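S.K.: Submitted below is the structure of interest, expressed as structure tokens.
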Amino acid sequence: MLEKIEKYARENRVPIMLPDGIDYLCSYIKSHNVKKILEIGSAIGYSAIRMALVDDEIKVTTIEKDEIRYNEAVKNIHEFNLDDRINIIFGDALNTDINGIYDLIFIDASKGNNINFFKKYSANLAKYGIIITDNLFFHGLVQDETLIKTKNQRGIVRKIKDFITFLDENEEFITEYIAVGDGIAISKRK
Ligand code: SAH
Ligand code: MG
């Protein structure tokens, strides 16, 4: 069933997490006993499903703004019988109100808004919780700018670099960068 979603993602160019990235995330969830997860950017529900499958007690709230992807995610979550453990919200995460407190906040939406998502949702983070952000490498373009081909790519690289500066200079959080998948950042309160 997971392979069916992976195939759909490939065929429809949905940027789900890379295999070693999602494996790393799931093993982190297991080893740190994470139970409540907030995800920004559900796409078709793949990472939310993978995270929920780590342990029966895990609950995921996830936000998606694209209607087609949202509908596909609802369908996939239902096929996995995870409707009671994955709460998917259709909307723009920049102006969604979330009240809960989460052990893990996983940011995997539009790269240009990472600073905004980080600032907004750190209010929903448990005291010893962590924020994980995906796509810090942008296919290697962040580390090797000679690979940049378009103006659009240059803009995204600049925004990712701004986000890295924001994390490095953050007074409240300390961040480590892990070279798995498309590059992830793990931020904890100091
Ligand atoms: N986490 C998913 C992949 C997410 S891809 C997985 O690994 O399976 C990024 C998604 O974020 C896209 O579907 C995009 O529509 C969504 N997105 C981008 N900006 C958003 C926003 N402001 N609010 C909600 N979703 C957003
Ligand atoms: Mg991603």
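S.K.: Please identify which residues in region 3-47 have an amide N closer than 18 Å to a label point set 7 Å out from the Cα of E57, following the Cα→Cβ vector.
M.R.: Zone members listed by number: 26-38.
S.K.: Distance between the C-alpha centers of region 49-126 and region 164-190? Whole Å please.
M.R.: What the calculation gives is 20 Å, centre to centre.
S.K.: Taking 31 Å as the cut-off for C-alpha to C-alpha distance, list the pairs among K7/K127; K36/K111; K7/K65; K35/K111; K30/K119 that go past it. Please list the in-between numbers first.
M.R.: Working: K7/K127 38 Å; K36/K111 23 Å; K7/K65 22 Å; K35/K111 26 Å; K30/K119 26 Å.
Beyond 31 Å between Cα atoms: K7/K127.
S.K.: Continuing with this model, one more query. Using a ≥ b ≥ c from the Cα gyration tensor of region 94-190 (square roots of the eigenvalues), is it rounded, prolate or oblate, where a/c under 1.5 gives rounded and otherwise the larger of a/b and b/c decides, a/b for prolate?
M.R.: prolate
S.K.: Please arrange F106, F117, F138 by counting, for each residue, the other beta carbons lying within 10 Å of its beta carbon, fewest first. Walk me through the numbers before you get to the answer.
M.R.: Numbers: F106 27, F117 22, F138 19.
Taking fewest neighbouring Cβ atoms as first place, the list is F138, F117, F106.
S.K.: Rounded to the nearest 500, what is the chain's calculated 222 nm mean residue ellipticity when only DSSP H runs of at least 4 contribute -39500 (n - 2.57) each, over all residues?
M.R.: That calculation yields -11000 deg cm²/dmol at 222 nm.
S.K.: By average Cβ neighbour count within 10 Å, what is the ranking of 148-158, 29-39 from highest down? Could the numbers behind the result be given before it?
M.R.: Numbers: 148-158: 12.6, 29-39: 18.0.
Most protected by this proxy first, the peptides run 29-39, 148-158.
S.K.: Among S122, S27, S187, rank each residue by its count of other Cβ atoms within 10 Å, from fewest to most, as a rough exposure measure.
M.R.: Least crowded to most crowded, the residues run S27, S122, S187.
S.K.: Another question, if that's okay. Classify the chain as rounded, prolate or oblate, taking a ≥ b ≥ c as the square roots of the eigenvalues of its Cα gyration tensor: rounded when a/c is under 1.5, otherwise prolate if a/b is larger than b/c and oblate if not.
M.R.: oblate
S.K.: Straight distance only, please: which lysines reach the Cα of K4 with their own Cα at less than 18 Å, same-chain residues fewer than 8 apart left out?
M.R.: Hits, sequence-local ones excluded: K75.
S.K.: How many nm separate the modelled label positions at K7 and F90, each set 7 Å beyond the Cα in the direction of the Cβ?
M.R.: Placing both labels 7 Å along Cα→Cβ, they lie 2.7 nm apart.
Read-outs throughout are calculated quantities, based only on the coordinates presented, and are distinct from any laboratory measurement. These numbers come from a predicted model, not from an experiment. For neighbour counting, all protein chains shown are included, and Cβ atoms are generated from backbone atoms with ideal geometry for every residue, glycine included.
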